[in-house]
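The structure under discussion appears below in the form of structure tokens.
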Amino acid sequence: MAVCVAVIAKENYPLYIRSIPTEDQLKFHYTVHTSLDVVDEKISAMGKALVDQRELYLGLLYPTEDYKVYGYVTNSKVKFVMVVDSSNTALRDNEIRSMFRKLHNSYTDVMCNPFYNPGDPIQSRGFDNTVSSMMVPAC
Amino acid sequence: MSPTQWDFPVELCCRPMAFVTLTGLDVTYNAIHRAIWDAFCANRRADRVPISFKVLPGDHEYPKCRTKRTSYEWYIPKGILKTGWMNKHLNLVPALVVVFYELDWDEAQWKEKQSECATRVEIVRQSLQGRNTKVAVVLIQKKTPLPPGEDLIASERAAALCNACDLSGKSLFVLPHTDHLVGYIIRLENAFYEHAQTYYYTEIRRIKSHKEFLNKTTHQLLFVRHQFKIAFFSELKQDTQNALKNYRTAYNLVHELRAHETNMLEIKTMAGFINYKICRLCFQHNTPLDAIAQFRKHIDLCKKKIGSAELSFEHAAWMSKQFQAFGDLFDEAIKLGLTAIQTQNPGFYYQQAAYYAQERKHLAALLCNHSPSVTYPSPDPLETPNGALDFYGQRAWRQGILSFDLSDPEKEKAGILALQLKERDVNHSEINISLLSSAVAQFKKYKCPRMKSHLMVQMGEEYYFAKDYTKALKLLDYVMCDYRSERWWTLLTSILTTALKCAYLMAQLKDYITYSLELLGRASTLKDDQKSRIEKNLINVLMNESPEAEPDCDASMVKAAQRLWADRVSLAGNNVFTIEVQDFITSVDLILGSETGRCVILNWRGGGGDAASAQEAVQASRSFKRRPKLPETEVHWDSITIQASTMIISRVPKLCVQLRHEPPALTNEIYCLMITIQSQEDTVIKDVKLTAGLKPGQDANLTQKTLVTLEGAEMCDDSSPALLTDIPVGNLQPGEKLDMPLYIRCGTVGTRVFLVYVSYLIDTSVEGKEIVCRCHRDETVTIETVYPFDVAVKFVSIKFEHLDRVYADKPFLLMTDILSASPWGLTILSSQLQLSSSVTPVDELESHVENVVLQTGESASECFCLQCPPIANPQNAVATGSYNISWKRSSAGENVPIVNTVVTLPHVMVESIPLHIKADLPSFGRVRESLPVKYHLQNKTGLVQDIEIAVEPSDAFMFSGLKQIRLQILPGTEQEMLYNFYPLMAGYQQLPSLNINLLRFPNYTSHMLKRFLPTHIFVKPQGRHVDEDSIEAA
């Protein structure tokens, strides 16, 4: 399961970051932030492809010694980044993909809230619950 | 324990090359030998065989070879690989020893020389006792050798020499010392290379042959050792494929070894060595993915093999080194042409190396914090008899002991303590920073700006720990703006916190204030208690007092900082700090503190943008920005806008300006624009001024061709301006109306914009105050100017035929045609023809169009009969004069002056003809009635003219007279020809034509001359009584 889930705005500032409480939160912030280098590169490479053929899931961004970082970008260029423990080999690409899709759906619900201003940090119980369900510790 | 303990030995990292020693060369005193040696070692490019050469004396002692074991049965190895082994085979034990000897085939004292050579060979062999090293002899000869087989003495003596030295023929070489030395040397070294390869091949075979004697229980270490040696010899043999294969086997064998805390370091060291070799060869074989896969496998296998917990910093150091070495290999491969990508580049390995270096620092801090009373153990447990370890990766105090049980726990303790104390002295920060900066350089190259920033933060933090606050601050300050602009507040807060500590510890006032302010801001994610602590400190600083220390700072540095702050406080003057918050053009200053204590000026530049640009201000005020809702106590910073400019609009005038006119204007006419000004104010308006005329800013030519005046139509002359400014009109009572005609004269056609601007003063009250207010009303009108009429002029002959030229002394007609183009009626008052001297009128030139009124599209025509006297130069056209038309609008009043339009008449060519011909005939004829015709032929030249005349008959006429004649006309005289024509038919009949042929002037054809003669005549039918008369006559 994920150890950190982040939603990044189009302008690359964080809308939502949550990591497991047992580890240093700052470390995950840096991990997510640095992963945007790869996201940016992938998006700019993708820009040439046709819009309807665009795959939202960016796949593995880069592996570190301890974690794997996955990325996903919506059509409005909002990015989702998920950090997964490297030792967790049970998670397949397909599962990561479906987790992102779930996250995207939940994010869409947040956006549909008329009281939510796009671009503001996400404060939503529903979204929190979705993220929590992805971050249930494996043990 | 040196800080380079973890570095790989040089002999491991170099590229192994066959080792060949050269003996018998005196490179110091013998020039020829020197030249030979230079040829061997100079210019060793990639195309030369990989051999490392060394010059040694002939009696050099090579490392002794231990007696070969015949059985491994009772042999227990003491370690995996001896520390000296690689160096021994790279630099000490040669694959081939070459004996150089100066000897020519025709040497007089051949016998003596031959035996001396044999002795030298023997000495070398002695010193290589037991080794398989090859020996070769090179004879340095002064003479160029003959082709093989031709020199019988040579082949005979060569055989004898081989025999004496116990050499095979393949090991004897001749090196003639001639011009082609380098060529010979290259051939020689190729031969040496073959010998060396054979040597390494036999060495590999020899090691392989041991295998069958080994057993898996006691000789596990030997399996690894032998496999490693085979691989290494393969490398020396330049057989990199087999070397790689054998290293891979060796790597697997290393991990099969029974591991225990006591030998963990040895296993990891060897695993690291072998892994390094494998990765290196993979990169060399251009299979970088294999190298990466091997390295990952290596790390995964070794990551958890920490070994002794008390020395766990050693594991971190080792891990760091593994990553660093791989990064170096990767980087080197890139320099040789490999392409890396953003997600797979050496930077990641350096970064990981730095991570482990950091880990090592933490572990060292944890494990090595012995109190100062703990002294380094004596005797030094790390000291060995020969100053170095026997086997790689073993402990100095228990070398060669394979048992997992610790025989001497006291010694073990001392050893660990010694290592810990050594580790304490290591400058971890330096290692860490150098690794981080390597990583930064890589990430910069592979478009990872955020990763780069992150690493720079780490570097800054490392400098902070290393107490180099200046460098720390410099790095942190550099990356801060990246995080700020990307709005990652959590990260920015963390960086700012460290930066604030640095600023505090250095007592850098300006930085301290800047970071404090930023940390107090809304972007900072600090907790309120932290914020209030910082705020208190900031207020202290502004009061010129020392702030409290930042938490978690090094105690000794805090003491130093407090002294610095005390100094700052006591320092007088220079207590004003200006902090540039942004970089723009206009600015806002916020001053904190007081000038007596300490004073900070926050300078925001920008805000309203450029004050000069009014447009921007308008845009700014109009732009609709959604502002996020904030708690009542907070102000949204971005919603504070600076209105740097505003538009000032004058009071709305209550004045009516009306314009009446009849467009379009006609060229040159005095056009009347009636301006009506009516006051609608409640009170009297004063100082009314009128500005009227051509609106400024139009084409400069229009200004010159437009004249306006208010002074009545007569006054509009060339001195009038295009724009009348500030004409005082006086005062106007409420409701009073004023008419002012403006006379405009437009000299050219085109569109003009005219401006009528009326300004006035009025007393008015604003917010209870009486003020004099200036108001103005302006009107613009666009007036088109068109030509009033078109004048067409043409020349025609008396017969109304078009003329492209006129003939001297022959009358012609000038026809003028005035076509009205004006939409309004035009009255032509008169017209006048002004003739030039070269044209004379035939009759009176009176105007036929006086007082004619022309409506649009109507035209008035005139016709004048003129004549041109002969002119001197018939090539040039002559001016005919001008046509003056006086006109005005039919609607214009009496006072409007008449406009005179002068039309210049076209030039015309005047041609003189040599013979004038004229016909005298009645205006009509009558059928069967004689019609006398007289032709006058006048010679206009100064020559006698020969003329042939023939009359062509016509069906309608009979005639009498000379039908064909040739005659001469004297200069200036006239000849008459008389004919009697007798018309036969009634109607418009063609006359018999007169063909005249001027023999002297063939250019003037009969056809041309005929133009001056009538061609037809009207013949009336016979009247009835005439009929009777004729009958009577008959």
Checklist outcome for this item: Set B:K474/B:K510; B:K361/B:K447; B:K510/B:K536; B:K918/B:K963; B:K88/B:K422; B:K810/B:K934, cut-off 20 Å on Cα-Cα distance; pairs above it are B:K361/B:K447; B:K88/B:K422
Item to check | Three-way shape call for the stretch B:789-911 based on the alpha-carbon gyration tensor, with the a/c threshold at 1.5 | outcome: prolate
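Could you tally the net charge around B:L673, taking each other residue with its Cβ under 15 Å from the Cβ of B:L673, Lys/Arg +1 and Asp/Glu -1? Numbers along the way, then the final one.
On the way: positive: B:R660, B:K695, B:R745, B:R752, B:R889; negative: B:E662, B:E669, B:E711, B:D739, B:D778, B:E779, B:E784.
Neighbourhood net charge equals -2.
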Checklist entry - In whole Hz, what ³J(HN,Hα) sequence does the stretch A:106-120 give by Karplus (6.51, -1.76, 1.60; θ = phi - 60°), x for Gly and Pro? => result 5, 5, 4, 4, 4, 5, 6, 5, x, 8, 8, 8, x, x, 8
Checklist outcome for this item: Filtering trypsin sites (Lys or Arg not before Pro) in the stretch B:142-175 by DSSP loop and by at most 16 other Cβ atoms within 10 Å leaves B:K142, B:K143
Checklist entry - What is the calculated FRET efficiency for B:T470 to A:L26, with r their C-beta to C-beta distance and R₀ = 30 Å, to the nearest 0.05? => result 0.80
Checklist entry - In percent, how large is the relative contact order of the stretch B:372-425, given Cα pairs closer than 8 Å and 6 or more residues apart? => result 41 percent
Checklist entry - So what does the Cα-only Debye profile of the stretch B:289-331 read at q = 0.28, 0.30, 0.31 Å⁻¹, as log10 I(q)/I(0), no solvent term? => result -0.99, -1.06, -1.09
Item to check | Label-to-label distance, nm, for residues given as B:N91 and B:H260 (7 Å Cα→Cβ offset) | outcome: 3.5 nm
Next on the checklist: To make sure I understand the rule: partners must be aspartates and glutamates, Cα under 17 Å from the Cα of B:K305, and not fewer than 8 residues away in the same chain. Which ones qualify?
Outcome noted: A:E65, A:D66, B:E256, B:E261, B:E266, B:E314, B:E359
Checklist entry - Counting Lys +1, Arg +1, Asp -1, Glu -1, what net charge surrounds B:I798 among other residues with beta carbon under 11 Å of its beta carbon? => result +2
Item to check | Reach of A:K102 by Cα under 14 Å, taken over aspartates and glutamates that are not fewer than 8 positions away in the same chain | outcome: A:D128
Next on the checklist: If the reach is capped at under 17 angstrom between alpha carbons, list the lysines near B:K559, excluding any in the same chain fewer than eight residues apart.
Outcome noted: B:K467, B:K501
Item to check | Gain in span if fully extended, B:V944 to B:D179, counting 0.36 nm per residue against the direct Cα distance | outcome: 264.2 nm
Checklist entry - Sorted by average packing, counted as other Cβ atoms within 10 angstrom per residue and highest first, what order do B:679-689, B:273-283 take? => result B:273-283, B:679-689
Checklist entry - Which whole-number percent is the relative contact order of chain B (Cα, under 8 Å, 6+ apart)? => result 5 percent
Item to check | Filtered GluC sites (Glu not before Pro), the stretch B:797-871: DSSP coil and at most 15 other beta carbons within 10 Å | outcome: B:E801, B:E844, B:E846, B:E850, B:E858
Item to check | Prolate/oblate/rounded label for the protein assembly as shown (Cα gyration tensor, a/c 1.5) | outcome: oblate
Next on the checklist: Just to verify a number: FRET efficiency for B:D726 and B:D589, C-beta to C-beta distance, R0 = 56 Å, to 0.05?
Outcome noted: 0.80
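Exceeding 18 Å between C-alpha atoms, which entries from my cross-link table qualify? They are B:K64/B:K134; B:K208/B:K277; A:K10/A:K79.
B:K208/B:K277
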Checklist entry - If packing is taken as the mean number of other Cβ atoms within 10 Å per residue, what is the order of B:766-774, B:458-466, highest first? => result B:458-466, B:766-774
Checklist outcome for this item: In order over the stretch B:748-755: 3J(HN,Hα) from phi, Karplus 6.51/-1.76/1.60, θ = phi - 60°, whole Hz, x for each Gly or Pro, gives 10, 6, x, 9, 10, 9, 10, 10
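Please report the antiparallel percentage of DSSP beta bridges with both residues in the protein assembly as shown, rounded to the nearest 5.
Within the protein assembly as shown, antiparallel bridges account for around 80 percent of the total.
When the Kirkwood hydrodynamic radius is evaluated over all pairs of different C-alpha atoms of the stretch A:1-132, what value in angstrom, to one decimal, is obtained?
Evaluated on the stretch A:1-132, it is 15.0 Å.
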Next on the checklist: Just to verify a number: FRET efficiency for A:S124 and B:H776, C-beta to C-beta distance, R0 = 56 Å, to 0.05?
Outcome noted: 0.40
Next on the checklist: I need the shape label for chain B. Rule: rounded when a/c is under 1.5, else prolate if a/b > b/c, else oblate, with a, b, c from the alpha carbon gyration tensor.
Outcome noted: oblate
Item to check | In Hz, Karplus ³J(HN,Hα) per residue of the stretch B:422-437 (6.51, -1.76, 1.60; θ = phi - 60°; x = Gly, Pro) | outcome: 5, 4, 4, 7, 6, 8, 5, 4, 4, 4, 4, 5, 5, 5, 4, 6
Checklist entry - Counting Lys +1, Arg +1, Asp -1, Glu -1, what net charge surrounds B:K963 among other residues with beta carbon under 14 Å of its beta carbon? => result -1
Checklist entry - What spacing in nm lies between the two simple spin-label points modelled at B:W74 and B:S923, each 7 Å away from Cα in the Cβ direction? => result 17.1 nm
Item to check | Loop-located GluC sites (Glu not before Pro) in the stretch B:930-1024, at most 16 other Cβ atoms within 10 Å (DSSP) | outcome: none
Next on the checklist: Run the paramagnetic zone check for B:K413: 7 angstrom along Cα to Cβ, then residues of the stretch B:380-403 with backbone nitrogen under 16 Å.
Outcome noted: B:381
Checklist outcome for this item: Label model pair B:N215, B:A365: point-to-point distance (7 angstrom along the Cα→beta-carbon line) in nm is 5.3 nm
Next on the checklist: Residue by residue through A:28-39, how many Cβ atoms from other chains fall within 10 Å of the Cβ on average?
Outcome noted: 6
Next on the checklist: Amide H of A:V3 versus every other amide H placed in the peptide plane: which residues, excluding those fewer than 5 positions away on the same chain, fall under 5 Å?
Outcome noted: A:V83, A:V84, A:D85
Checklist entry - Computed over the Cα atoms of the stretch B:915-1026, what is the ratio Rg over Rh, Rh following Kirkwood? => result 1.02
Next on the checklist: Taking the Cα centroid of the stretch B:270-302 and of the stretch B:757-820, what is the distance between the two, rounded to the nearest whole Å?
Outcome noted: 96 Å
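Values in this text are rule-based calculations from the coordinates and carry no lab data. This is a predicted model, so every value here is computed, not measured. Ideal geometry is used to build each Cβ from the backbone, glycine not excepted, and the neighbour counts take in all protein chains shown.
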